[in-house]
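Below you'll find the structure, written out as structure tokens, and then a few comments.
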Amino acid sequence: MKLPALLLSIAFSILSLTVFAQVTIYANQIGFDIKGPKIAVVGTDSKLTQKTIFNIINTVTHQEEFTGVLSGPQQIDEWTPGKSYYQADFSALKKRGKYSVRVSVGGKTYTSFPFVIEENALARLTISSIVHYYNKQRANTPQEIAADSHMRLQGGGDKTVDMHGGWCDASGDVSKYFSHLAYANFMSPQQTPLVVWSMVSASEAIPGLLKKWNIKDSLDNEALYGADYMMRSLSKDDYFYMIIFSYFNKDPNARRIVGLRANSVTTDEYQCAFREGGGMAIAALARISQWKKNGEFTSQQYLDGAKLAFAHLLINNTKYDDDGKENIIDDYCALMAATELWIATDSSLYRDEARKRAQNLNKRMSPAGYFIANDGNRPYWHAADAGLPVIALSRYLAKENDEVMRTSALVTIKKALDYNLAVTNNVNNPFGYARQSFLYKGAVKDGFFIPHDNETGWWWQGEDARLGSLATAALIGGKLVYPDKGNWGIKDSLAVFASQQTSWILGCNPYSMCFMYGFGRNNVTYMHSNFRHGSERGGISNGITGGKDNGDGSGIDYKTEDNGNEWRWTEQWIPHAAWFLQAVAAMAESK
């Protein structure tokens with residue numbers, strides 16, 4: 001009886017090793033900064049029965065440059081029941097080179113897609129392509145220019161205005177937006193104006209590196225191009241036109257200046273409130289005016305336009321807010337607008353308005369550490385701009401010298417960053433995906449992804465812009481409240497948080513998808529659009545969502561085909577690359 005038992009034990013061991021052999025290495029498919037955190041994830045279909053070594057292999061010399069032990073396991077039953085995940089942390093490796101992660105399990109060796117480790121790796125490797133992406137997104141074909149130069153307004157009769165220029169919003173949508181989802185009040189993303197502000201911010205953050213890489217002029221010219229479009233969008237009545245909508249029609253003459261509701265229903269409510277792109281447009285124009293560079297408009301015209309628009313919204317903002325009430329998005333967008341005008345002019349008018357908006361944000365901080373979006377109990381969450389309240393406060397502190405005001409803002413930034421770390425790390429989360437709090441069916445719930453049942457009635461998609469915005473907030477805000485000599489000038493936990501958000505976008509996610517097109521091993525399928533626009537190298541797709549049929553955003557999904565709804569995952573969108581640009585510039589700035 002002992003021999004069969006022994007044979008059975010051996011057979012079981014072989015079977016176990018076979019099970020263990022189902023191993024996947026999830027890693028950033030582009031690169032890591034020498035001085036930053038470096039973490040990959042190893043997934044197995046069953047728990048490993050012993051400590052497992054991983055190696056970092058130089059793909060040129062084939063030498064082992066680092067050896068470590070996998071930490072874990074962790075399970076995410078909401079995503080992949082029964083699967084175990086381990087972290088391979090090689091942050092201590094600070095030698096320039098091209099590498100792969102290698103792990104041996106059950107007698108079989110697995111190797112990741114190669115990546116580089118070098119100074120400012122992500123900034124150097126991606127910014128040029130991001131600039132290329134926006135250049136190709138320009139609405140500058142002859143058909144678009146001809147139609148947009150004489151653009152009709154919804155309900156405006158024969159009146160036309162010149163709205164040529166700008167960028168197409170997404171790889172499947174050649175419309176142009178300051179913001180959409182305005183009717184939902186709490187979900188308005190910042191689109192064209194955010195892109196311009198992000199370009200200006202990145203150019204000012206790392207000018208020396210951009211010049212060294214021969215891309216500063218290209219980036220600056222793209223920012224000026226965007227500023228010119230915003231000036232054309234400024235009406236004679238001093239509000240910005242919100243949207244040029246294509247109706248997804250191949251005829252460019254079908255385009256109109258509109259307000260937008262669900263299901264492509266258009267209105268004549270096309271005036272931008274602070275939260276509907278107006279605030280960030282003012283901020284971008286005021287900031288770029290300080291370059292003293294002219295596009296088709298002069299730097300003085302940029303500043304004058306920002307002043308006129310700000311004065312108009314001080315009187316009319318709630319008239320343009322769809323529910324007639326300001327909320328947190330008005331606060332942080334108006335704070336950014338007032339701050340940039342204060343920096344540009346040193347006027348007490350803008351100082352006072354900036355202080356008022358900063359204090360509004362301070363008051364919106366809940367005891368739990370998340371912001372309150374309204375005057376009630378709705379937690380602030382956002383699919384694209386979740387980090388923007390912290391970024392707005394941080395930019396405000398670049399000008400504010402009053403110690404009382406500074407202290408209040410710093411306390412708010414600290415609470416927000418502490419909350420981001422706490423809510424992200426209070427469950428098993430080997431990929432470090434930034435979690436959030438939201439109101440669902442009357443109760444506050446924490447989750448990985450935004451709720452699909454929300455105020456829009458239909459809109460949800462991958463959140464790569466949100467990840468980039470939160471990485472930026474950790475980097476910029478962290479230098480103010482948690483400065484440190486290592487890891488981009490911030491404490492380790494914030495650096496890891498920022499790194500894991502960008503790594504998720506670049507392939508360290510459960511689908512091993514690199515969502516920046518033209519990079520890595522696995523890219524999203526090419527998407528065609530009108531006027532020969534579409535997916536472009538350097539563009540970033542929407543990304544991963546909660547389970548398609550889960551109203552609370554629980555579960556996980558990524559689809560390349562879904563009866564026309566695959567855009568939720570696969571479509572490139574201009575805010576994604578704008579936030580990623582800010583994040584990698586902030587990493588490079590922090591040296």
### Residue count, the range 353-374 (criterion: small (Gly, Ala, Ser) and assigned to a helix (DSSP H, G or I))
2
### Summary
By residue number, the members of the range 161-183 that are surrounded by 24 or more Cβ atoms within 10 Å (Cβ to Cβ) and not in a loop (DSSP other than H, G, I, E, B) are 167, 170, 176, 177, 182
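Evaluate the range 378-389: report whether one residue or more is at pLDDT 95 or above, in a helix (DSSP H, G or I) and either touching a His at 6+ places or on another chain (Cβ under 9 Å) or not acidic (Asp, Glu) (or both). Please lay out each step first, then the result.
We begin by selecting, within the range 378-389, every residue at pLDDT 95 or above; these are 378-389.
Filter once more, keeping what is in a helix (DSSP H, G or I): 388-389.
Narrowing further to those that are either touching a His at 6+ places or on another chain (Cβ under 9 Å) or not acidic (Asp, Glu) (or both): 388-389.
Taking every residue of the range 378-389 in turn, at least one turns out to be at pLDDT 95 or above, in a helix (DSSP H, G or I) and either touching a His at 6+ places or on another chain (Cβ under 9 Å) or not acidic (Asp, Glu) (or both).
Quick one: would you say residue 326 is of a type outside the set (Gly, Ala, Ser), closer than 30 Å to residue 462 by Cβ and surrounded by fewer than 23 Cβ atoms within 10 Å (Cβ to Cβ)? Spell out the reasoning first.
On the way: of a type outside the set (Gly, Ala, Ser): yes; closer than 30 Å to residue 462 by Cβ: yes; surrounded by fewer than 23 Cβ atoms within 10 Å (Cβ to Cβ): yes.
It is true that residue 326 is of a type outside the set (Gly, Ala, Ser), closer than 30 Å to residue 462 by Cβ and surrounded by fewer than 23 Cβ atoms within 10 Å (Cβ to Cβ).
Given the structure, is residue 77 out of contact with any Pro (no Cβ under 9 Å at 6 or more places or on another chain), without any contact (Cβ under 8 Å) to a residue 60 or more places away in the chain, outside the structural domain of residue 446 (by TED's automatic domain parsing) and not aliphatic (A, V, I, L, M)?
yes
Tell me, which helices (runs of 4 or more DSSP H) lie completely within the range 184-278 with 1 or more residues that are more than 24 Å from the chain's Cα centre (by Cα) and touching a residue at least 40 places away in the same chain (Cβ under 8 Å)? Spell out the reasoning first.
On the way: elements: 192-205, 207-212, 216-232.
Here the list reads 216-232.
Could you tell me which of the residues 398, 409, 422, 384 is within 17 Å of the chain's Cα centre (by Cα) and assigned by TED's automatic domain parsing to the domain that holds residue 565? Outline the logic, then answer.
Working: 398 fails: within 17 Å of the chain's Cα centre (by Cα); 409 fails: within 17 Å of the chain's Cα centre (by Cα); 422 fails: within 17 Å of the chain's Cα centre (by Cα).
The unique qualifying residue is 384.
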### Task
Output the qualifying pairs, or none if there are none: Cβ atoms under 6 angstrom, residues six or more apart or on different chains, first residue in the range 419-435 and over 19 Å from residue 72 (Cα atoms), second residue among the basic types (Lys, Arg).
423/435
### Query
Do you know which of the residues in the range 560-574 that are in contact with a Lys or Arg (Cβ under 9 Å, 6 or more places away or on another chain) and in contact (Cβ under 8 Å) with a residue 24 or more places away in the chain is surrounded by the fewest Cβ atoms within 10 Å (Cβ to Cβ)?
568
### Query
Failed condition for residue 276, given (1) at pLDDT 95 or above; (2) closer than 28 Å to residue 528 by Cβ; (3) in contact with a Ser or Thr (Cβ under 7 Å, 6 or more places away or on another chain), with all others met?
(2)
## Note on the structure
If you go through 197, 167, 213, the only one that is assigned by TED's automatic domain parsing to the domain that holds residue 574, among the hydrophobic types (A, V, I, L, M, F, W, C) and more than 21 Å from residue 463 (Cβ to Cβ) is 213
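Okay, residues lined up against (1) in contact with a Leu (Cβ under 8 Å, 6 or more places away or on another chain); (2) surrounded by 23 or more Cβ atoms within 10 Å (Cβ to Cβ); (3) not assigned by TED's automatic domain parsing to the domain that holds residue 418:
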site	(1), (2), (3)
493	yes, no, no
498	yes, yes, no
504	yes, yes, no
515	yes, yes, no
545	no, yes, no
558	no, no, no
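Please find, among 303, 224, the residue that is surrounded by fewer than 23 Cβ atoms within 10 Å (Cβ to Cβ), in contact with a Ser or Thr (Cβ under 8 Å, 6 or more places away or on another chain) and in the same structural domain as residue 382 (by TED's automatic domain parsing). Lay out the reasoning, then the answer.
On the way: 224 fails: in contact with a Ser or Thr (Cβ under 8 Å, 6 or more places away or on another chain).
It is 303.
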### Query
So which residues in the range 340-392 are closer than 22 Å to residue 479 by Cβ and of a type in the set (S, T, N, Q), if there are any at all?
362
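Can you tell which of 529, 503 is small (Gly, Ala, Ser) and more than 15 Å from residue 573 (Cβ to Cβ)? I'd like the intermediate steps shown before the answer.
Numbers: 529 fails: more than 15 Å from residue 573 (Cβ to Cβ).
The unique qualifying residue is 503.
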### Task
Could you check, for the range 69-86, whether at least one of its residues is modelled with pLDDT of 95 or more, surrounded by fewer than 18 Cβ atoms within 10 Å (Cβ to Cβ), of a type in the set (Val, Ile, Thr) and farther than 30 Å from residue 553 by Cα?
yes
### Message
Among the numbered criteria (1) touching an Asp or Glu at 6+ places or on another chain (Cβ under 6 Å); (2) farther than 30 Å from residue 217 by Cβ; (3) not small (Gly, Ala, Ser), which one does residue 287 miss?
### Response
(2)
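Of the residues 131, 116, 101, only one is closer than 25 Å to residue 50 by Cβ and either in the same structural domain as residue 172 (by TED's automatic domain parsing) or not in a loop (DSSP other than H, G, I, E, B) (or both); which?
Details: 131 fails: closer than 25 Å to residue 50 by Cβ; 116 fails: closer than 25 Å to residue 50 by Cβ.
Going through 131, 116, 101 in turn, the sole match is 101.
Does the range 205-225 hold any residues that are out of contact with any helix residue (DSSP H, G or I) (no Cβ under 8 Å at 6 or more places or on another chain) and more than 20 Å from residue 164 (Cα to Cα), and which are they? It would help to see each step written out before you state the result.
First, pick out the residues of the range 205-225 that are out of contact with any helix residue (DSSP H, G or I) (no Cβ under 8 Å at 6 or more places or on another chain): 208, 211-212, 214, 217, 221, 225.
Of everything in the range 205-225, those that are out of contact with any helix residue (DSSP H, G or I) (no Cβ under 8 Å at 6 or more places or on another chain) and more than 20 Å from residue 164 (Cα to Cα) turn out to be 208, 211, 212, 214, 217.
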### Query
Residues in the range 306-323 that are surrounded by fewer than 16 Cβ atoms within 10 Å (Cβ to Cβ) and within 27 Å of the chain's Cα centre (by Cα): how many?
1
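Would you check if residue 113 is more than 30 Å from residue 430 (Cβ to Cβ), touching a Cys at 6+ places or on another chain (Cβ under 9 Å) and not aliphatic (A, V, I, L, M)?
Against the criterion (more than 30 Å from residue 430 (Cβ to Cβ), touching a Cys at 6+ places or on another chain (Cβ under 9 Å) and not aliphatic (A, V, I, L, M)), residue 113 does not qualify.
The values are calculated or read from the model by the stated rules, or taken from the named source; none is laboratory data. Just so we're clear, the structure is a prediction, and the values are computed from it rather than from any experiment. FYI the Cβ positions are ideal-geometry reconstructions off the backbone, even for glycines, and counts take in every protein chain you see.
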